[in-house]
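Novice: Provided herewith is a single structure, encoded as structure tokens, for subsequent inquiry.
The values are calculated or read from the model by the stated rules, or taken from the named source; none is laboratory data. For clarity, every value in this text was computed on a predicted model and none was experimentally measured. Methodologically, a virtual Cβ is constructed for each residue, glycine included, from the backbone with ideal geometry; neighbour enumeration extends over all protein chains shown.
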Amino acid sequence: MMNRAIYILPIGKIREEIIEGVKSELVKVFPFPIKILSEIPNPAYAFDATRGQYHSTKILREVANYLPPDGLKILGITDVDLCTPVLTFVFGEAQLGGKACVISLTRLRQEYYALPRKDTLLLNRVVKEAIHELGHTLGLVHCSLRECVMAFAPDVLGIDQKLPQFCSSCRKVLNKMIEIFKGENEMADLG
Amino acid sequence: MSQILIVDDEEIMRQSLTDWLKEDGYEVIAVEDGFKALELVQRENFDVMLVDLKMPKMDGLEVLREVKRLKVDVPVIIITAYATVDTAVAAMKEGAYDYIVKPFHPEELGIIIRKIIEHQNLKKENILLRKELSQRYQFHDIIGKGPGMQKVFELIRTVAPTRSTVLIQGESGTGKELVARAIHSESPRREGPFVALSCATLPETLLEAELFGYEKGAFTGALTAKMGKLEMAAGGTLFLDEVADISLKTQIDLLRFLQEREFRRLGGSETIKIDVRIIAATNRDLKELVEAGKFREDLFYRLNVITINIPPLRERKEDIPLLVQHFLEKFSAAIGKRVDKISPQAMSILMEYDWPGNVRELENAIEHAVVISQEDIVLPEALPATILGKGEKRAPLQKSLRDVEKEHIEKILREVKGNITQAAEILGINRVTLYRKIKEYDIKI
């Protein structure tokens, strides 16, 4: 049986230890192969000059186009500051129950807040955001439990309060969704 | 799941907001103009509407105005990229729940929406509770949760399936006809007619003609034969209201019918046999009338097979809030004006009043209040003067002269906004005396 994979797509230059670090954590959480795609250029098309930020919804649409045929979900990782037309910034964005999601490292860095660089903390935050946005693509909505990875975090402190895992009720929903996706895989194999 | 309607002409804005809100677990519908939005809000229930201010076909304020005009109960948040004080003020004046400038911090919109949803959910719970209450405490069109009315409901259920004659006793305005109708509706005769006849309003001969009908030429003016109420009620129920007012002669005829279950039309020779259930009602003490020789004892016993006593409203004040709610809903719908709340002060006046006209008087008072009220809430000043007046007159009965004097001085001082000279003038005392009394009664100005 072919098991469809979750792909990681580096957008622009992203340090290897970040990409590999995310991959090794995602493997622990999701029962799908995690594969890494080749880097694509920075998303100049999504740049909003008046805000000096990048439009995440536009990037999200582009990321979805890179999903290989055997892919289940795709996670774009960028180092540009993301926003949407209605929000001043976002750490990431996902297509709820869809194929693609994207996260940004910019506001997850301590340096962004004029604090000393902390690589481990950055990786922790990136991992949580990656799981969170992939959770959305698997149909999960925000959770009211602050510790759950699906909790909405308005700032990095909120992200730091979360654990890189799903609470029991989100896990239940997730398992159901995973079963559905696995069933779809089997159907695809038969087809 | 809470449902949100987004109205924005820009596709990217709709998409962006939709995605964001869906991640928060809301069900979202997004449309590109006000016309579509207005069509939707009339068909479906939304918990919140997010409306962009600048749109080409119909701008956000126009959409808001239309939502209010259509009386759609949905909080509207106006979203704009062009923040000016004027537009913000205009939006709030038109009744927007909030005004938000985009782009906003990710947490900002979430907090506003959560607040609205919580409020909406509370409202829904209240409506549900109200519905549940009324279903539990409403029997046909009669409302009552207190033991007095619960006993009446129980009696109605017990007597309804039988053929027995029922006598309903209760003061004027207590709802005797409603009880009679409830018995009819609960009985196997419910498919048959329910015919009501008020015996108090008709002179003896006319009452007989109304009751038994007449043949052509039975009396001057009887140009054609006419069926009486008894015949009209065949197979159903005849409700004789104010039965104590019928003449002794008609009492004999009615008694004969109750014994024989047959009668003759006035001027007629044919005996008509019919199956009709009689429910009689009176606001007087029939037994006393029997003792006074004004009501036939045999008829009394014929009518009084089962008696239902409806308590006056002053003896079941616990039912007043439910009745008020029921009448507010009834008249809001009938008059086409939403007045669905009552202030605690107004309610306390209603609870204090002794309601000589019973439920009918309360019904009239609420109709008056719904017509008069300027907002969606009944304030004391919207209640009829008779109720406000009697409430004030009644109160001193339980108070000392000293209390009454103190209250009266306080009232006058309030009316003249603390002006001692004016108050003294109205009270007919000099300023020194007034000051002395203020000090004596420890009145705060």
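Novice: When you scan region B:19-40, how many residues do you find that are β-branched (Val, Ile, Thr) and within 13 Å of residue A:87 (Cβ to Cβ)?
Specialist: Our first condition is that a residue be β-branched (Val, Ile, Thr); within region B:19-40, this holds for B:28-29, B:31.
Add one more test, that the residue is within 13 Å of residue A:87 (Cβ to Cβ), and what stays is none.
The total comes to 0.
Novice: Working carefully through the options A:19, A:11, find the one that is under 14 Å from the mean Cα position of the chain (by Cα) and either hydroxyl-bearing (Ser, Thr, Tyr) or surrounded by 21 or more Cβ atoms within 10 Å (Cβ to Cβ) (or both). Talk me through it step by step, then tell me what you get.
Specialist: Details: A:19 fails: either hydroxyl-bearing (Ser, Thr, Tyr) or surrounded by 21 or more Cβ atoms within 10 Å (Cβ to Cβ) (or both).
None of the others qualify; the one that does is A:11.
Novice: Moving on. Output the residues belonging to region B:160-174 that are within 24 Å of residue B:235 (Cα to Cα) and either polar (S, T, N, Q) or crowded, with 21+ Cβ neighbours inside 10 Å (or both).
Specialist: We begin by selecting, within region B:160-174, every residue within 24 Å of residue B:235 (Cα to Cα); these are B:160-168.
Residues satisfying the conditions are B:162, B:164, B:165, B:166, B:167, B:168.
Novice: Still on this structure, please answer the following. For region B:284-332, enumerate the residues that are among the hydroxyl-bearing types (Ser, Thr, Tyr) and over 30 Å from residue B:387 (Cα atoms).
Specialist: Applying the first criterion (among the hydroxyl-bearing types (Ser, Thr, Tyr)) to region B:284-332 yields B:301, B:307, B:332.
Within region B:284-332, B:301, B:307 meet the criteria.
Novice: So, one more: Pick from A:26, A:82, A:37: which is modelled with pLDDT of 95 or more and buried (at least 22 other Cβ atoms within 10 Å of the Cβ)?
Specialist: Numbers: A:26 fails: buried (at least 22 other Cβ atoms within 10 Å of the Cβ); A:37 fails: buried (at least 22 other Cβ atoms within 10 Å of the Cβ).
That would be A:82, the only listed residue that is modelled with pLDDT of 95 or more and buried (at least 22 other Cβ atoms within 10 Å of the Cβ).
Novice: Consider region A:77-91. How many of its residues are under 13 Å from residue A:126 (Cβ atoms) and more than 10 Å from chain B (Cβ to nearest Cβ)?
Specialist: To start, the set of residues in region A:77-91 that are under 13 Å from residue A:126 (Cβ atoms) comprises A:77-79, A:91.
Checking the rest, the ones that are also more than 10 Å from chain B (Cβ to nearest Cβ) come to A:77-79.
Here the count works out to 3.
Novice: Continuing with this model, one more query. Run residue A:124 past the list (1) farther than 15 Å from residue A:152 by Cα; (2) in a helix (DSSP H, G or I); (3) of a type outside the set (D, E, K, R); (4) facing chain B (nearest Cβ under 9 Å) and report the number of the one that doesn't hold.
Specialist: Failed condition: (4).
Novice: Follow-up. Restricting attention to region B:168-194, and to residues there that are among the polar types (S, T, N, Q) and more than 18 Å from residue B:157 (Cβ to Cβ), which single residue is modelled with the lowest pLDDT? Before the answer, list the steps.
Specialist: Keep residues of region B:168-194 that are among the polar types (S, T, N, Q), which gives B:169, B:172, B:174, B:185, B:187.
Okay, now just the ones that are also more than 18 Å from residue B:157 (Cβ to Cβ), so B:169, B:172, B:174.
Values: B:169: 94, B:172: 90, B:174: 94.
Restricting to residues being among the polar types (S, T, N, Q) and more than 18 Å from residue B:157 (Cβ to Cβ), the top hit is B:172.
Novice: Hey, another quick one. Can you name the condition, by its number, that residue A:169 falls short on among (1) out of contact with any Phe, Trp or Tyr (no Cβ under 9 Å at 6 or more places or on another chain); (2) in a strand (DSSP E or B)?
Specialist: (2)
Novice: In region B:79-100, what residues are touching a strand residue (DSSP E or B) at 6+ places or on another chain (Cβ under 6 Å), β-branched (Val, Ile, Thr) and without any contact (Cβ under 8 Å) to a residue 24 or more places away in the chain?
Specialist: B:100
Novice: Right, another one. Is at least one residue of region B:35-47 among the β-branched types (Val, Ile, Thr) and touching a Phe, Trp or Tyr at 6+ places or on another chain (Cβ under 9 Å)? Steps first, answer last, please.
Specialist: First, pick out the residues of region B:35-47 that are among the β-branched types (Val, Ile, Thr): B:41.
Among the residues that remain, those that are also touching a Phe, Trp or Tyr at 6+ places or on another chain (Cβ under 9 Å) are: none.
For region B:35-47, residues among the β-branched types (Val, Ile, Thr) and touching a Phe, Trp or Tyr at 6+ places or on another chain (Cβ under 9 Å): absent.
Novice: Quickly run through region B:162-206 and pick out the residues that are in a loop (DSSP other than H, G, I, E, B) and basic (Lys, Arg). Show your work before the answer.
Specialist: Of all residues in region B:162-206, those in a loop (DSSP other than H, G, I, E, B) come to B:162-165, B:170-175, B:187-193, B:202-203.
Selection gives B:163, B:189, B:190.
Novice: Moving to a separate point now. Restricting region A:98-124 to residues that are basic (Lys, Arg) and under 19 Å from residue A:53 (Cβ atoms), which is nearest to the chain's Cα centre (by Cα)?
Specialist: Checked region A:98-124; the qualifying residue nearest to the chain's Cα centre (by Cα) is A:107.
Novice: Follow-up question, since we're still on this one. When the residues of region B:257-289 are filtered to those that are within 41 Å of the chain's Cα centre (by Cα) and of a type in the set (Lys, Arg), which remaining residue is surrounded by the most Cβ atoms within 10 Å (Cβ to Cβ)?
Specialist: B:277
Novice: Need pairs with beta-carbon distance below 6 Å; first residue more than 18 Å from residue B:332 (Cβ to Cβ) and within region B:374-387, second of a type in the set (Phe, Trp, Tyr); sequence gap 6+ or separate chains.
Specialist: From residues that are more than 18 Å from residue B:332 (Cβ to Cβ), the pairs are B:387/B:353.
Novice: Restricting region A:92-107 to residues that are of a type outside the set (Gly, Ala, Ser) and part of a loop (DSSP other than H, G, I, E, B), which is farthest from the other protein chains (Cβ to nearest Cβ)? Spell out how you get there, then give the answer.
Specialist: Our first condition is that a residue be of a type outside the set (Gly, Ala, Ser); within region A:92-107, this holds for A:93, A:95-96, A:99, A:101-103, A:105-107.
Adding the requirement that they be part of a loop (DSSP other than H, G, I, E, B) leaves A:95-96, A:99, A:105.
Values: A:95: 7, A:96: 5, A:99: 13, A:105: 17 Å.
Restricting to residues being of a type outside the set (Gly, Ala, Ser) and part of a loop (DSSP other than H, G, I, E, B), the top hit is A:105.
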